[in-house]
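First comes the structure, then the notes that go with it.
The values are calculated or read from the model by the stated rules, or taken from the named source; none is laboratory data. The structure presented is a predicted model; accordingly, all values stated were derived computationally and were not measured. Cβ sites come from the backbone with ideal geometry, for glycine too, and all protein chains shown count toward neighbours. Accessible surface is based on the protein model in full, side chains and every heavy atom, while ligands, DNA and RNA are left aside. Shrake-Rupley method; radii C 1.70, N 1.55, O 1.52, S 1.80 Å.
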Amino acid sequence: QMWEEAIALGKELAEQYENEMFDYEQLSELLRKQAQFYENIVKVIRPKPDYFAVGYYGQGFPTFIRNKVFIYRGKEYERREDFEARLLTQFPNAEKMKTTSPPGDDIKNSSGQYIQCFTVKPKLDLPSKFHRPVSEQIVSFYRVNEVQRFEYSRPVRKGEKNPDNEFANMWIERTIYVTAYKLPGILRWFEVKSVFMVEISPLENAIETMQLTNDKINNMVQQHLNDPNLPINPLSMLLNGIVDPAVMGGFANYEKAFFTEKYMHEHPEDHDKIEKLKDLIAWQIPFLAEGIRIHGEKVTEALRPFHERMEACFRQLKDKVEKQYGVRAVLSSLDDRRGSRPRSMVRSFTMPSSSRPLSVASVSSISSDSTPSRPGSDGFVLEPLLPKKMHSRSQDKLDKDDLDKDKKEKKKEKRNSKHQEIFDKEFKSTDISLQQSEAVILSETISPLRPQRPKSQVINVISSERRFSVSPSPPSSQATPPPITPRTKLSFSIQSSLELNGVSSSDISDVPPPLPLKGSMADYGNLMESQDLISPTTSPSAHQRVSP
């Protein structure tokens, strides 16, 4: 169950599979295993083994263990008595020592075998990558693994004994053992290379005890927040032992021992430590409040009276502490400590394509195909997307074109010859119908999104050669685009174009010349700028010519 070590080895294998062997099948299998390991780390509760210090004293032991101390890692749920029994089976003649203090020279130099065994506590050494608070489920692995320092604390009394408060003169003699290698390793036991001892004052011991108690409450609250199915009994025992301390008296013993005028006068150097202890006592209240809230949500009806009594004790404790040491608050029910995902990461930044409105550019890019569309179809699609101002400008332009055309018609009547009058009279009805159809089509198709008629499509007449050509020269400012007409009516639009260019009908022979080549079958309102590149002198094929 040392999944953290398996993940580290898996990353080395993944590097080989991905960049050296290119075996993606093995890589995918390995990554699936790693994903399962990460899930196990968060969800599976692993048992914490105990560590034992074992000393072999006496000349009766082999030289490699004689008068040396080793740290052993016990099996899962193995008690010290079971471990001692297993150890003594290897040395049936050895004698078990009754004390935990280091033996004298008389025992070390004796010919017998003496074994000393006691439980030690591993000292947490977090890796440097954990630079911010993380979940207890992740940190718990490093409390009993990858450890090299172990400590054993033994209470020692100094000074006069106080029958009313034993905490006032209880010192802690702490022995720290450092092994040759981190445990667990290739073996379940390693030799102790260095030993040193420190003394903890009663006030420092009180601060350390309060810190451990707060951490224990906080860790259990986190476990119940992460897994609501956990049993409630351990939480009940922990909370009741703190809010209703019938035996030990709780932190009231610290108040009697250290928060007195006598102690402050005798130990002025401990002022900062006393303030720290008061702060820890104040911080215990919000942790207890969160634990009792969770306990109230999960308690059964049979334990409801027990919970109500615990709530009553907590209210009294809370009023007292907040009055003396101030109020502390924990943010959002410990959600930040639990390390939940921020809400900004859950927010969706994409809209479904069906609800997104299409822009004018996107519609025009869809319809700007090389294949010409039916007249009026593009105008129908784009019309809902155009602003109202664009429609009014388009209509104003169309009215202006009609006024210009009326003026040109009057000028045309003045210079027309008699033959032209007969010609106009003969085809008057046809011109009227064409102009009406022209107005209907333009009102549906002309829009600001359509390009103007290219300059290269203006028809000029070269009188010296008596032929038509498509000239790239710019047209006159008064020229207007020819009407949009069906294919069979092109002969009439040519005649009107000739008159617009100032050439009378008397200069033209009875048989009209062949028609010029038409660039495309679409109406002129849909012409693209790319059609300017069409050769102006390309002659039409035989089947494209229309007889007069």
message: For the condition under 27 Å from the mean Cα position of the chain (by Cα) and at pLDDT 95 or above, what is the one hit in GLN16, GLN34?
response: GLN34
task: Among the candidates ASN240, ASN205, ASN253, single out the residue that is more than 20 Å from ASN162 (Cβ to Cβ) and of a type in the set (S, T, N, Q).
output: ASN240
query: How many residues, within the range 134-146, are touching a residue at least 60 places away in the same chain (Cβ under 8 Å) and either over 13 Å from MET2 (Cβ atoms) or buried (at least 18 other Cβ atoms within 10 Å of the Cβ) (or both)?
result: 8
- prompt: Among the residues of the range 290-310, which ones are assigned to a helix (DSSP H, G or I) and surrounded by 15 or more Cβ atoms within 10 Å (Cβ to Cβ)?
  reply: GLU290, GLY291, ILE292, ILE294, HIS295, LYS298, HIS307, MET310
- request: Could you tell me which of the residues GLN59, GLN90, GLN36 is in contact with a Phe, Trp or Tyr (Cβ under 9 Å, 6 or more places away or on another chain) and either farther than 21 Å from ILE7 by Cβ or part of a helix (DSSP H, G or I) (or both)?
  value: GLN36
message: So for the range 16-29 (the condition being aromatic (Phe, Trp, Tyr), part of a loop (DSSP other than H, G, I, E, B) and in contact with a strand residue (DSSP E or B) (Cβ under 8 Å, 6 or more places away or on another chain)), does at least one residue qualify?
response: no
- prompt: For GLY159, which of the numbered conditions (1) farther than 22 Å from THR99 by Cβ; (2) surrounded by fewer than 17 Cβ atoms within 10 Å (Cβ to Cβ); (3) at pLDDT 95 or above; (4) touching a helix residue (DSSP H, G or I) at 6+ places or on another chain (Cβ under 8 Å) fails to hold?
  reply: (3)
- prompt: Hey, among the residues in the range 247-287 that are in a loop (DSSP other than H, G, I, E, B) and of a type in the set (Val, Ile, Thr), which one's farthest from MET220 (Cα to Cα)?
  reply: THR260
query: Name the pairs whose Cβ atoms lie under 7 Å apart, with the first residue in the range 287-312 and farther than 23 Å from THR213 by Cα, the second open to solvent by less than 60 Å² (accessible area, probe 1.4 Å) and at pLDDT 90 or above, and 6 or more positions between them or separate chains?
result: none
task: Kindly provide the set of residues from the range 177-214 that are open to solvent by less than 40 Å² (accessible area, probe 1.4 Å), over 14 Å from SER153 (Cβ atoms) and without any contact (Cβ under 8 Å) to a residue 60 or more places away in the chain, ordered by number.
output: VAL178, ALA180
